[in-house]
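Bear in mind these aren't lab numbers, they're just calculated from the coordinates by the rules spelled out. A quick note: this is a predicted structure, and the numbers were derived from the prediction, not measured. Cβ coordinates were reconstructed from backbone atoms using ideal geometry, including for glycine residues, and neighbour counts include every protein chain displayed.
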Amino acid sequence: MAETVWALIWVALAGATGGFLNAWVSDNRLLWPSRVEATPRIRIIRPGLAVNVGIGALASMTAARAFAGVASLTTLAAVGDLILGLAAAAAIGVLAARWITNETDKRLLRVAVSKACAAPAAHPDTAHAMELAPPYEVFRTASDLGPPFRTPVSARGELRAE
């Protein structure tokens, strides 16, 4: 029993390492999740480092239990099998965390395109910088291009900019 628990802990650590690598590569280096107010009706949650690590660990443990079973986690024939298992767990952690990150980036880019379409023409250097920037920077640049969004109605019945 103790061997199975230790094997799952090692698999979870490998998956958490994969989630950490994804957070580092995908520009989600904030420790906790952050909320982006894209428009008055759209709020987007950026996963952050803690969520990426947690998703990586959970996905690798789930995959190890589902596909390898309890017996094969504790009865590895050689050190090479152990290294291969941990590498697979890290890869599963990267892929699971990347899936969540891609969904967030897709929502950010949709809002950025919507804001850029509503804005007046931008300087060519700005457009070129947006081509090479990560999704959150594209969103921030597109948000700065146009006028600020307006909330429906204030307490006095007038529109106000935020």
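A few points about this structure:
- Relative contact order (%) - segment 1-71, alpha-carbon pairs under 8 angstrom, separation at least six: 41
- Proxy reagent accessibility, fewest Cβ within 10 Å first, across Phe139, Phe67: Phe67, Phe139
- Ranked Asp81, Asp125, criterion: other C-beta atoms within 10 Å, fewest first: Asp125, Asp81
- Across segment 13-25, coupling constants 3J(HN,Hα) worked out from phi with the 6.51/-1.76/1.60 Karplus curve, θ = phi - 60°, read 5, 5, x, 5, 5, x, x, 5, 4, 5, 4, 5, 6 Hz, and Gly and Pro carry x.
- Separation in nanometres of the label points that stand 7 Å from Cα toward Cβ, at Ala87 and Ile9: 2.5
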